[in-house]
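Asker: The structure under discussion is supplied below as C-alpha cells; questions concerning it will follow.
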Amino acid sequence: MIILGIDPGSRITGYGIISKQGNRLIHIDNGAIFTQSAKDFPQRLEQIFTGLSAIIVQYQPEAVAVENVFLAKNAQSALKLGQARGAAIVAAVNVGLSVFEYTALQVKQAVVGSGRAEKVQVQQMIKALLNLPEVAQEDASDALAVAVCHAHSAGMNSILKLAR
C-alpha cells in the first residue's frame, strides 16, 4: 500500500510518501510545497492544491493521511491553517482517495511510542524507521510521520469502516 502523508501549512506544506509491504515501511519520496507569501492567499491555496495533485498523479497513493491540527498561535493562523488543510484534503478526494486524519498526539504515539515526544525525537525515529540517510526537512519529516502513523493504523481503520 502506498501512503501519502501530509503536514498542511499555509506557508509550507510537507509531504511524505511511503510504501507498506507486509510489516516493512519503505521510503519513496518526501518534500515540501513552499507557497509565496507575497501572493494572495487564494493563490497560495491553489499552489497547495496543484502541488499535491501533481504528487498524487505521480505516485498514485492508495490512501492519504493528514495531520489534524488543533493548535494555532491566533485565530487568523488557525483559519489559514484550516484552509490549507482543506486544499490538501480536496486534492485527495477530488481523485477519489480516502483521507484519514490523525492528531499530533496520535502521530507521536505511533512513531515514538509517546504522545509527549519532542519533534527531534520524531524526526530521528522517522530517519531510523525509513532508513533515511539524513533527517528530512522538518515539514517533510512531519508528513512522513503522519504516513507512518497511518501505516500502523490502517488495519484498525479498515475494521472500523466495516463496523459502520
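The values are calculated or read from the model by the stated rules, or taken from the named source; none is laboratory data. Computed from a predicted model, the values in this text were never measured in an experiment. Here the Cβ is made from the backbone with ideal geometry for all residues, glycine too, and neighbour counts use every protein chain on show. Each accessible area value is taken on the protein alone, full model and side chains, heavy atoms only, with ligands, DNA and RNA left out. Shrake-Rupley method; radii C 1.70, N 1.55, O 1.52, S 1.80 Å.
Asker: How much accessible surface area, in Å² rounded to 10, belongs to the heavy atoms of Glu138 with a 1.4 Å probe?
Answerer: Counting only protein heavy atoms, Glu138 exposes about 90 Å² to solvent.
Asker: Tell me, what HN-Hα J-couplings in whole Hz come from the Karplus equation 6.51 cos²θ - 1.76 cosθ + 1.60 at θ = phi - 60° for each residue of segment 136-146, using x for Gly and Pro?
Answerer: Running phi through 6.51 cos²θ - 1.76 cosθ + 1.60 with θ = phi - 60° gives 5, 3, 3, 5, 5, 5, 4, 5, 4, 5, 5 Hz.
Asker: A follow-up question, please. With every protein chain left in place, what is the accessible area per residue of the chain in square angstrom, probe 1.4 Å?
Answerer: Value returned for the chain: 53 Å² of accessible area per residue.
Asker: For the chain, give the magnitude of the charge dipole about the Cα centre (Cβ charges: +1 Lys/Arg, -1 Asp/Glu; no others), in debye to the nearest 20.
Answerer: 320
Asker: Top mean-square fluctuation among Ala145, Ala78, Ala136, Gaussian network model of the chain, C-alpha springs under 10 Å?
Answerer: Ala78
Asker: Out of all DSSP beta bridges with both ends in the chain, state the antiparallel percent to the nearest 5.
Answerer: 65
Asker: Now for a separate question. For Glu101, which sequence-distant residues (separation of 5 or more, or a different chain) have an amide H within less than 5 Å of its own amide H, given hydrogens modelled in the peptide plane?
Answerer: Val66
Asker: Hey, another quick one. Which whole-number percent is the relative contact order of the chain (Cα, under 8 Å, 6+ apart)?
Answerer: About 31 percent, as a whole number.
Asker: Okay, next question. Net charge near Gln123: determine it from the other residues with C-beta under 14 Å of the C-beta of Gln123, scoring Lys and Arg +1 and Asp and Glu -1.
Answerer: So the surrounding residues net to -3.
Asker: OK, next. Rounded to two decimals, what is the ratio between the C-alpha radius of gyration of the chain and 2.2 N^0.38 Å?
Answerer: Normalised Rg, Cα atoms only: 0.98.
Asker: Another question, if that's okay. Let me confirm the definition first: pairs of Lys residues in segment 56-146, 8 or more apart or on different chains, C-alpha distance under 21 Å. How many are there?
Answerer: 5
Asker: With θ set to phi - 60° and the Karplus curve 6.51 cos²θ - 1.76 cosθ + 1.60, what are the ³J(HN,Hα) couplings of segment 94-110 in order, to the nearest whole Hz, using x for Gly and Pro?
Answerer: 4, 10, x, 7, 7, 10, 10, 10, 9, 7, 4, 4, 5, 5, 4, 4, 5
Asker: While we're looking at this one, here's another question. Tell me the carbon and sulfur percent of the accessible area for the chain, rounded to whole percent, probe radius 1.4 Å.
Answerer: Percent of accessible area from carbon and sulfur atoms in the chain: 53.
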